[in-house]
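The values are calculated or read from the model by the stated rules, or taken from the named source; none is laboratory data. As the structure is a prediction and not an experimental result, all values here were calculated from the model. FYI the Cβ positions are ideal-geometry reconstructions off the backbone, even for glycines, and counts take in every protein chain you see. We work out accessible area using only protein heavy atoms, side chains counted, and drop any ligands, DNA or RNA first. Shrake-Rupley method; radii C 1.70, N 1.55, O 1.52, S 1.80 Å.
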Amino acid sequence: MELALPKGMKARMREAIERAGYTSFNAYVADAVREKYARDMGEEMELVSHKKAPLSTVPHYSTLRTFTVV
């Protein structure tokens, strides 16, 4: 997936990502999408694992902070 942003927005997002403790742009965007979905829909986004694992075993992106912000 590609994401086009207005000029200057990417740099500001990098600052927010670092302050929040994320190490990947993807994890930050995934959390933002989840929060927006919850506000709009009034419920959390349910994720479906291909292996049909219980959702409690699917990690939340905010816990997956292992990538480097580029």
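See the values below:
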| quantity | calculated |
| --- | --- |
| Where GLU43 falls short, out of the listed (1) modelled with pLDDT under 90; (2) outside any loop (DSSP other than H, G, I, E, B) | (2) |
| Cβ pairs under 7 Å, 6+ apart, first in segment 24-40 and under 19 Å from LYS10 (Cβ atoms), second of a type in the set (S, T, N, Q) | ALA27/SER62; ASP31/SER62 |
| Positions within segment 29-40 being open to solvent by 60 Å² or more (accessible area, probe 1.4 Å) and within 13 Å of the chain's Cα centre (by Cα), in sequence order | VAL33, GLU35, LYS36, TYR37 |
| Subset of segment 11-22 [open to solvent by 50 Å² or more (accessible area, probe 1.4 Å) and touching a residue at least 24 places away in the same chain (Cβ under 8 Å)] | ARG14, GLU18 |
| Which listed residue, of GLU35, GLU15, GLU2, is acidic (Asp, Glu) and modelled with pLDDT under 90 | GLU2 |
